[in-house]
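J.: The structure's right below; bear with me while I get my questions together.
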Amino acid sequence: MNIGAYHFNYIGDIEPVRGRDGSVEQLMPQGRYKNARNLPLNRYGAGPFCRFTIAKTFRTSGVYVLTMNEDIRYVGECANLSVRFNTGYGNISPKNCFKGGQETNCRLNNLVYSAAVAGERVSVWFFHTPQYKAIEAELRSTLTLAWNRR
């Protein structure tokens, strides 16, 4: 897929863990957090969430794109694609549901969950580059995408 001057390679579809009946497993990790400071949930911490992974072999920096049924929905940057998806977006830590946690992880995981429940296909595309921050900023300034916050 080409976006502007950049060619993104297809990494694969995001396949959330499913139950025996084929439905997307719904996760609500908030209850596992020892909330000693009595923090409130963050804006996206209510869930529900799902669990998913991509291959562990993408340990490189770059810009990634999420598509839903071939329509670009999100652009982001990372120092390590596999870590971003496997320990960030795809596995919501209980503490990330609360104020001070990773709101973006919660928000994107919930968007993937909602898309999967609706039968939509979410795919990951990647452009390897050490200039990932600048290229992501360039793309975000020229694209208006449903899943990116402005």
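J.: What is the local net charge at GLU77, summed over the other residues whose Cβ is closer than 11 Å to its Cβ (Lys, Arg +1; Asp, Glu -1)?
T.: Values: positive: ARG84, LYS133, ARG140; negative: GLU136, GLU138.
It works out to a net charge of +1.
J.: Add +1 for every Lys or Arg and -1 for every Asp or Glu among the other residues with Cβ under 14 Å from the Cβ of GLY19, and state the total.
T.: Details: positive: ARG18, ARG20, ARG51; negative: GLU15, ASP21, GLU25.
Within the 14 Å Cβ shell, the charges total 0.
J.: Can I ask one more? Give me the net charge of THR104's neighbourhood, meaning all other residues with Cβ under 12 Å from the Cβ of THR104; Lys, Arg count +1, Asp, Glu -1. All intermediate terms of the calculation are to be shown ahead of the outcome.
T.: On the way: positive: ARG43, ARG84, ARG107, ARG149; negative: GLU77, GLU103.
Around THR104, the surrounding residues sum to +2.
J.: What's the angle, to the nearest 10 degrees (0 to 90), between helix 132-142's Cα axis and the longest principal axis of the chain?
T.: Relative to the chain, helix 132-142 is tipped by roughly 80 degrees.
J.: From the square roots a ≥ b ≥ c of the eigenvalues of the alpha-carbon gyration tensor of region 11-144, which class results: rounded (a/c under 1.5), prolate (a/b over b/c), or oblate?
T.: Values: a/c = 1.81, a/b = 1.30, b/c = 1.39.
Note, shape of region 11-144 comes out oblate.
J.: On to the next question. Report ³J(HN,Hα) in whole Hz for each residue of region 78-93, in order, from the Karplus equation J = 6.51 cos²θ - 1.76 cosθ + 1.60 where θ = phi - 60°; Gly and Pro get x.
T.: 7, 8, 8, 4, 4, 5, 3, 8, 7, 10, x, 5, x, 9, 6, 6
J.: Suppose all protein chains stay in the model; what accessible area per residue would a 1.4 Å probe give for the chain, in Å²?
T.: Numbers: 8210 Å² over 150 residues.
That works out to 55 Å² per residue.
J.: Next question. Calculated from DSSP H runs of 4 or more alone, at -39500 (n - 2.57) each and per residue, what is the 222 nm mean residue ellipticity of the chain, nearest 500? Walk me through the intermediate numbers first.
T.: Working: 2 runs with 26 residues, N = 150.
Per the formula, -5500 deg cm²/dmol.
J.: In whole percent, how big is the carbon plus sulfur part of the accessible area of region 1-102, probe 1.4 Å, protein atoms only?
T.: Details: 2730 of 5800 Å².
Looking at region 1-102 in its full context, I get 47 percent from C and S.
J.: For the chain, find the longest principal axis of its Cα atoms and tell me its angle to the long axis of helix 103-117, 0 to 90°, nearest 10.
T.: Once rounded, the angle reads 90 degrees.
J.: Order these peptides, 110-116, 1-7, by their mean beta-carbon neighbour count within 10 angstrom, highest first. Provide the component values of the computation, followed by the final result.
T.: Details: 110-116: 20.1, 1-7: 11.6.
Ranked from most to least packed, the peptides come out as 110-116, 1-7.
J.: If you average the sequence gap of Cα pairs under 8 Å that are 6 or more apart and divide by the length of the chain, what percent do you get for the contact order? Mind dumping the intermediate values first?
T.: Details: 281 pairs, mean separation 48.3, N = 150.
Relative contact order comes out at 32 percent.
J.: Got the relative contact order for region 62-150 handy, in percent, Cα pairs under 8 Å and 6 or more residues apart?
T.: Details: 112 pairs, mean separation 39.7, N = 89.
Here the relative contact order equals 45 percent.
J.: For the chain, give the magnitude of the charge dipole about the Cα centre (Cβ charges: +1 Lys/Arg, -1 Asp/Glu; no others), in debye to the nearest 20.
T.: Details: 19 positive and 11 negative charges, 157 e Å.
So the dipole magnitude of the chain works out to roughly 760 debye.
The values are calculated or read from the model by the stated rules, or taken from the named source; none is laboratory data. No experiment lies behind these values; they were computed from the predicted model shown. A quick note on method: Cβ atoms are made from the backbone with ideal geometry, for glycine too, and the neighbour counts reach across all protein chains shown. The area values use the complete protein model at the heavy-atom level, side chains included, leaving out ligands, DNA and RNA. Shrake-Rupley method; radii C 1.70, N 1.55, O 1.52, S 1.80 Å.
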